[in-house]
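First the structure, in the form of structure tokens, and then the observations on it.
The values are calculated or read from the model by the stated rules, or taken from the named source; none is laboratory data. Note that this is a predicted model, so its numbers are computed, not measured. Ideal geometry is used to build each Cβ from the backbone, glycine not excepted, and the neighbour counts take in all protein chains shown. When the accessible area is computed, the model is the full protein with side chains, heavy atoms only, and any ligands, DNA or RNA have been set aside. Shrake-Rupley method; radii C 1.70, N 1.55, O 1.52, S 1.80 Å.
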Amino acid sequence: MGWLWAIIVGFVLGLIAKAIIPGKQHSPLWLTTIFGMLGAIVGNAVARAAGVAATSGIDWWRHIFQLVAAIIIVALGDMAYMAVRGNKRQRA
């Protein structure tokens, strides 16, 4: 059940990050989900380092760290995806 939640959270974080980033992102949905999952992992690590990983009630700070990490990873990942994809198109 843990992997299912990781995929769902990654999917949601990836979509929110794509909606926040200005312009069009070209990475496919499966890759956006992976980027969102990585954002959740990095955000949890940053929240743990900041001492706000587990609070009473809803962990708003942890979720904010996860979202910011997902935005950064989706933006950088999309640039990398377009660089690789663009190179393949030029060769063909």
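Worth a mention:
- Relative contact order of the chain, defined on C-alpha pairs under 8 angstrom at six or more residues apart (%): 33 percent
- In the context of the full set of protein chains, the chain has a per residue accessible area of 67 Å² (1.4 Å probe).
- Segment Val12-Trp60, extension gain: residue separation times 0.36 nm, minus the distance between their alpha carbons: 15.7 nm
- Pairs of C-alpha atoms in the range 7-59 farther apart than 17 Å represent 44 percent of all such pairs.
- 222 nm mean residue ellipticity, helices alone, for the chain (DSSP H n ≥ 4; -39,500 (n - 2.57); rounded to 500): -28000 deg cm²/dmol
- Whole-number D in µm² s⁻¹ for the chain, Kirkwood Cα-pair radius fed into Stokes-Einstein, 20 °C, 1.002 mPa s: 156 µm²/s
- Considering only Ile71, Ile21, Ile34, the mean-square fluctuation computed in a Gaussian network model of the chain, springs between alpha carbons under 10 angstrom, is largest for Ile21.
- To the nearest ten degrees, helix 29-50 and the longest principal axis of the Cα atoms of the chain are 40 degrees apart.
- Carbon + sulfur, % of accessible area of the range 1-49 - ligands and nucleic acids excluded, 1.4 Å: 80 percent
- Debye, to nearest 20: dipole size of the chain, +1 on Lys, Arg Cβ, -1 on Asp, Glu Cβ: 440 debye
- Candidates Ala69, Ala54, Ala45, ranked by Gaussian network fluctuation over the chain, Cα under 10 Å, top entry: Ala54
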